[in-house]
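The values are calculated or read from the model by the stated rules, or taken from the named source; none is laboratory data. Because the structure is a prediction, the values reported are computed rather than measured. Cβ placement follows ideal geometry from the backbone for every residue including glycine, while neighbour counts extend to all protein chains displayed.
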Amino acid sequence: MRELSQVCVFCGSSSGSNGRHAESARELGKHLANNGIGLVYGGGATGLMGIVADSVLEGGGRVTGIIPESLSREVAHPGLTELIVTETMHTRKALMYERSDAFVALAGGFGTLDELAEISTWRQLGIYDKPVGILNVDGYFDHLLAFFDRAATDGLLKPKNRRLVLDAASPGELIELLRNDDTAYEPKWESRGTPAAPADEKSTLR
Ligand code: AMP
(Lines give C-alpha, C1' and ligand atoms only; values in the text may rest on other atoms or scores of the structure.)
Protein backbone atom coordinates (compact mmCIF):
# COMPACT_ATOMS: atom_id res chain seq x y z
CA MET A 1 0.00 0.00 0.00
CA ARG A 2 1.30 3.47 -0.90
CA GLU A 3 1.72 6.31 1.55
CA LEU A 4 -0.20 9.32 0.20
CA SER A 5 0.75 12.44 2.09
CA GLN A 6 0.28 14.90 -0.79
CA VAL A 7 -2.07 14.51 -3.74
CA CYS A 8 -1.93 16.78 -6.77
CA VAL A 9 -5.26 17.76 -8.31
CA PHE A 10 -5.69 18.98 -11.89
CA CYS A 11 -9.05 20.61 -12.58
CA GLY A 12 -10.86 23.42 -14.33
CA SER A 13 -10.06 27.06 -13.71
CA SER A 14 -13.80 27.50 -14.48
CA SER A 15 -16.63 25.85 -12.57
CA GLY A 16 -18.64 24.87 -15.65
CA SER A 17 -22.40 24.70 -15.94
CA ASN A 18 -22.95 21.24 -14.44
CA GLY A 19 -23.22 21.60 -10.67
CA ARG A 20 -22.04 17.98 -10.16
CA HIS A 21 -18.47 19.08 -10.91
CA ALA A 22 -18.42 21.76 -8.19
CA GLU A 23 -19.97 19.24 -5.83
CA SER A 24 -17.30 16.63 -6.61
CA ALA A 25 -14.51 19.24 -6.14
CA ARG A 26 -15.96 20.05 -2.70
CA GLU A 27 -16.27 16.36 -1.82
CA LEU A 28 -12.71 15.58 -2.89
CA GLY A 29 -11.36 18.51 -0.82
CA LYS A 30 -13.26 17.32 2.21
CA HIS A 31 -12.03 13.76 1.73
CA LEU A 32 -8.39 14.90 1.51
CA ALA A 33 -8.68 17.06 4.65
CA ASN A 34 -10.45 14.31 6.62
CA ASN A 35 -7.74 11.81 5.70
CA GLY A 36 -4.78 14.07 6.47
CA ILE A 37 -3.75 14.26 2.80
CA GLY A 38 -2.32 17.62 1.67
CA LEU A 39 -3.43 19.17 -1.61
CA VAL A 40 -0.96 20.31 -4.28
CA TYR A 41 -2.53 22.20 -7.17
CA GLY A 42 -2.16 25.04 -9.65
CA GLY A 43 -2.68 27.78 -7.05
CA GLY A 44 -5.67 29.52 -8.65
CA ALA A 45 -8.66 30.98 -6.77
CA THR A 46 -11.16 30.51 -9.59
CA GLY A 47 -13.43 27.69 -10.75
CA LEU A 48 -13.08 24.10 -9.57
CA MET A 49 -9.48 24.89 -8.55
CA GLY A 50 -10.69 27.46 -6.02
CA ILE A 51 -13.48 25.16 -4.80
CA VAL A 52 -11.20 22.19 -4.10
CA ALA A 53 -8.63 24.41 -2.33
CA ASP A 54 -11.30 26.15 -0.19
CA SER A 55 -12.81 22.82 0.74
CA VAL A 56 -9.44 21.43 1.97
CA LEU A 57 -8.75 24.64 3.93
CA GLU A 58 -12.24 24.61 5.48
CA GLY A 59 -11.59 21.03 6.60
CA GLY A 60 -8.36 22.12 8.32
CA GLY A 61 -6.07 20.59 5.67
CA ARG A 62 -2.85 21.79 4.02
CA VAL A 63 -2.82 23.34 0.55
CA THR A 64 0.23 24.09 -1.59
CA GLY A 65 -0.41 26.19 -4.68
CA ILE A 66 2.23 26.29 -7.42
CA ILE A 67 1.67 29.01 -9.96
CA PRO A 68 3.74 30.68 -12.69
CA GLU A 69 4.64 34.35 -12.30
CA SER A 70 2.54 35.26 -15.33
CA LEU A 71 -0.68 34.10 -13.60
CA SER A 72 0.15 34.80 -9.98
CA ARG A 73 -0.86 38.47 -9.78
CA GLU A 74 -4.32 38.01 -11.27
CA VAL A 75 -5.52 34.62 -10.14
CA ALA A 76 -3.48 33.28 -7.18
CA HIS A 77 -5.52 32.13 -4.18
CA PRO A 78 -4.70 34.50 -1.29
CA GLY A 79 -5.32 32.11 1.63
CA LEU A 80 -3.21 29.00 0.95
CA THR A 81 -0.94 27.27 3.45
CA GLU A 82 1.91 27.74 0.98
CA LEU A 83 2.11 29.52 -2.40
CA ILE A 84 5.11 28.88 -4.66
CA VAL A 85 5.61 31.20 -7.63
CA THR A 86 7.70 29.75 -10.47
CA GLU A 87 9.30 31.41 -13.46
CA THR A 88 7.58 29.36 -16.15
CA MET A 89 4.64 27.02 -16.72
CA HIS A 90 7.09 24.15 -17.25
CA THR A 91 8.95 24.61 -13.95
CA ARG A 92 5.57 24.89 -12.29
CA LYS A 93 4.39 21.55 -13.62
CA ALA A 94 7.68 19.81 -12.80
CA LEU A 95 7.46 21.06 -9.20
CA MET A 96 3.81 19.98 -8.89
CA TYR A 97 4.87 16.48 -9.95
CA GLU A 98 7.88 16.38 -7.62
CA ARG A 99 5.91 17.51 -4.58
CA SER A 100 3.10 14.94 -4.96
CA ASP A 101 2.63 11.23 -4.24
CA ALA A 102 -0.33 10.76 -6.61
CA PHE A 103 -2.40 12.67 -9.19
CA VAL A 104 -6.13 13.18 -9.64
CA ALA A 105 -7.87 14.83 -12.57
CA LEU A 106 -11.31 16.36 -12.03
CA ALA A 107 -13.41 17.93 -14.75
CA GLY A 108 -11.62 20.65 -16.70
CA GLY A 109 -10.58 21.83 -20.15
CA PHE A 110 -7.30 21.94 -22.08
CA GLY A 111 -5.16 22.78 -19.03
CA THR A 112 -6.45 19.76 -17.13
CA LEU A 113 -6.06 17.50 -20.15
CA ASP A 114 -2.50 18.75 -20.70
CA GLU A 115 -1.49 17.98 -17.12
CA LEU A 116 -3.22 14.58 -17.10
CA ALA A 117 -1.63 13.57 -20.42
CA GLU A 118 1.81 14.78 -19.36
CA ILE A 119 1.91 13.01 -15.99
CA SER A 120 0.55 9.80 -17.58
CA THR A 121 3.33 10.01 -20.19
CA TRP A 122 5.97 10.62 -17.52
CA ARG A 123 4.75 7.60 -15.64
CA GLN A 124 4.73 5.48 -18.77
CA LEU A 125 8.35 6.49 -19.35
CA GLY A 126 9.26 5.66 -15.76
CA ILE A 127 10.25 9.22 -14.82
CA TYR A 128 7.95 8.83 -11.82
CA ASP A 129 6.33 5.80 -10.27
CA LYS A 130 3.35 7.71 -8.85
CA PRO A 131 -0.27 6.68 -9.45
CA VAL A 132 -2.65 8.68 -11.64
CA GLY A 133 -6.45 8.65 -11.50
CA ILE A 134 -9.48 10.31 -13.03
CA LEU A 135 -12.52 11.27 -10.95
CA ASN A 136 -15.18 10.49 -13.51
CA VAL A 137 -18.30 12.28 -12.33
CA ASP A 138 -21.50 12.18 -14.38
CA GLY A 139 -19.64 10.35 -17.17
CA TYR A 140 -17.58 13.49 -17.93
CA PHE A 141 -14.50 11.46 -18.93
CA ASP A 142 -16.30 8.52 -20.61
CA HIS A 143 -15.15 9.52 -24.10
CA LEU A 144 -11.55 10.05 -23.00
CA LEU A 145 -11.49 6.63 -21.29
CA ALA A 146 -13.00 5.11 -24.46
CA PHE A 147 -10.23 6.80 -26.46
CA PHE A 148 -7.57 5.22 -24.18
CA ASP A 149 -9.24 1.80 -24.72
CA ARG A 150 -9.30 2.36 -28.47
CA ALA A 151 -5.62 3.35 -28.48
CA ALA A 152 -4.85 0.07 -26.67
CA THR A 153 -7.04 -1.97 -29.07
CA ASP A 154 -5.30 -0.40 -32.07
CA GLY A 155 -1.89 -1.16 -30.60
CA LEU A 156 -0.92 2.47 -30.00
CA LEU A 157 -0.93 2.13 -26.23
CA LYS A 158 0.31 -1.01 -24.49
CA PRO A 159 -2.46 -2.65 -22.44
CA LYS A 160 -0.24 -2.52 -19.33
CA ASN A 161 0.26 1.23 -19.87
CA ARG A 162 -3.48 1.74 -20.43
CA ARG A 163 -3.90 0.35 -16.91
CA LEU A 164 -1.65 3.09 -15.48
CA VAL A 165 -4.57 5.55 -15.56
CA LEU A 166 -7.16 4.56 -12.95
CA ASP A 167 -10.69 5.92 -12.68
CA ALA A 168 -13.57 5.95 -10.22
CA ALA A 169 -16.79 7.87 -9.68
CA SER A 170 -16.25 8.92 -6.05
CA PRO A 171 -13.29 10.52 -4.23
CA GLY A 172 -13.13 7.80 -1.54
CA GLU A 173 -13.05 5.03 -4.11
CA LEU A 174 -10.43 6.79 -6.25
CA ILE A 175 -8.09 7.53 -3.33
CA GLU A 176 -8.29 3.85 -2.32
CA LEU A 177 -7.42 2.78 -5.87
CA LEU A 178 -4.42 5.13 -5.87
CA ARG A 179 -3.26 3.88 -2.45
CA ASN A 180 -3.46 0.26 -3.59
CA ASP A 181 -1.97 0.76 -7.03
CA ASP A 182 0.89 -1.72 -7.25
CA THR A 183 1.63 -1.37 -10.95
CA ALA A 184 5.39 -1.58 -11.20
CA TYR A 185 7.25 0.47 -13.77
CA GLU A 186 8.16 -1.39 -16.92
CA PRO A 187 10.07 0.46 -19.61
CA LYS A 188 7.99 1.47 -22.62
CA TRP A 189 10.94 0.65 -24.88
CA GLU A 190 11.77 -2.87 -23.84
CA SER A 191 14.66 -3.44 -26.21
CA ARG A 192 16.66 -0.42 -25.06
CA GLY A 193 15.21 0.58 -21.70
CA THR A 194 14.49 4.19 -20.82
CA PRO A 195 16.48 5.46 -17.87
CA ALA A 196 14.58 7.73 -15.50
CA ALA A 197 15.82 11.32 -15.36
CA PRO A 198 17.87 11.99 -12.22
CA ALA A 199 16.07 14.05 -9.55
CA ASP A 200 18.15 17.20 -10.05
CA GLU A 201 17.53 17.13 -13.79
CA LYS A 202 13.77 16.95 -13.25
CA SER A 203 13.74 19.95 -10.96
CA THR A 204 15.63 22.16 -13.40
CA LEU A 205 13.27 21.72 -16.36
CA ARG A 206 12.57 25.04 -18.08
P1 AMP B 1 -8.36 24.31 -17.61
O2 AMP B 1 -8.75 22.88 -17.43
O3 AMP B 1 -8.08 24.67 -19.03
O4 AMP B 1 -9.28 25.29 -16.93
O5 AMP B 1 -6.94 24.47 -16.90
C6 AMP B 1 -6.82 24.13 -15.56
C7 AMP B 1 -5.48 23.54 -15.26
O8 AMP B 1 -4.44 24.29 -15.90
C9 AMP B 1 -5.21 23.61 -13.75
O10 AMP B 1 -5.01 22.31 -13.17
C11 AMP B 1 -4.02 24.53 -13.62
O12 AMP B 1 -2.87 23.86 -13.15
C13 AMP B 1 -3.79 25.15 -15.00
N14 AMP B 1 -4.41 26.50 -15.11
C15 AMP B 1 -5.15 26.93 -16.18
N16 AMP B 1 -5.65 28.17 -15.97
C17 AMP B 1 -5.20 28.57 -14.77
C18 AMP B 1 -5.38 29.74 -13.99
N19 AMP B 1 -6.12 30.78 -14.42
N20 AMP B 1 -4.80 29.80 -12.77
C21 AMP B 1 -4.04 28.78 -12.34
N22 AMP B 1 -3.83 27.65 -13.03
C23 AMP B 1 -4.41 27.51 -14.22
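The residue list V56, V40, V85 contains one member that is touching a helix residue (DSSP H, G or I) at 6+ places or on another chain (Cβ under 8 Å) and either modelled with pLDDT under 95 or within 15 Å of T112 (Cβ to Cβ) (or both), which is V40.
Taking segment 39-61 on its own, how many of its residues are outside any loop (DSSP other than H, G, I, E, B) and either of a type in the set (A, V, I, L, M) or more than 16 Å from the ligand (Cβ to nearest atom) (or both)?
Number of matching residues: 10.
Checked across segment 69-76, the condition of being out of contact with any strand residue (DSSP E or B) (no Cβ under 9 Å at 6 or more places or on another chain), away from the ligand (no atom under 13 Å from the Cβ) and polar (S, T, N, Q) holds for no residue.
Take the conditions (1) at pLDDT 60 or above; (2) loosely packed, with under 12 Cβ neighbours inside 10 Å; F148 misses just one of them, which is (2). Just one of T81, T91, T112, T64 is of a type outside the set (A, V, I, L, M) and within 22 Å of L144 (Cβ to Cβ); which is it? Result of the check over T81, T91, T112, T64: T112.
For segment 1-15, the set of residues classified as surrounded by fewer than 20 Cβ atoms within 10 Å (Cβ to Cβ) and either near the ligand (Cβ under 9 Å from one of its atoms) or without any contact (Cβ under 8 Å) to a residue 60 or more places away in the chain (or both) consists of S13, S14, S15, listed by residue number.
Can you tell me which residues in segment 64-90 are touching a His at 6+ places or on another chain (Cβ under 8 Å) and under 29 Å from Y140 (Cα atoms)? Residue satisfying the conditions is G65 alone.
Please indicate, with yes or no, whether at least one residue in segment 91-105 is within 9 Å of the ligand (Cβ to nearest atom), closer than 20 Å to H143 by Cβ and buried (at least 23 other Cβ atoms within 10 Å of the Cβ). Checked segment 91-105: at least one residue is within 9 Å of the ligand (Cβ to nearest atom), closer than 20 Å to H143 by Cβ and buried (at least 23 other Cβ atoms within 10 Å of the Cβ). Here I127 meets each of (1) more than 17 Å from G42 (Cβ to Cβ); (2) crowded, with 18+ Cβ neighbours inside 10 Å; (3) at pLDDT 95 or above; (4) under 18 Å from the mean Cα position of the chain (by Cα) with one exception, condition (3). One residue is enough: does segment 142-164 have a residue meeting the conditions under 21 Å from L32 (Cβ atoms), in contact (Cβ under 8 Å) with a residue 24 or more places away in the chain and in contact with a strand residue (DSSP E or B) (Cβ under 9 Å, 6 or more places away or on another chain)? Checked segment 142-164: no residue is under 21 Å from L32 (Cβ atoms), in contact (Cβ under 8 Å) with a residue 24 or more places away in the chain and in contact with a strand residue (DSSP E or B) (Cβ under 9 Å, 6 or more places away or on another chain).
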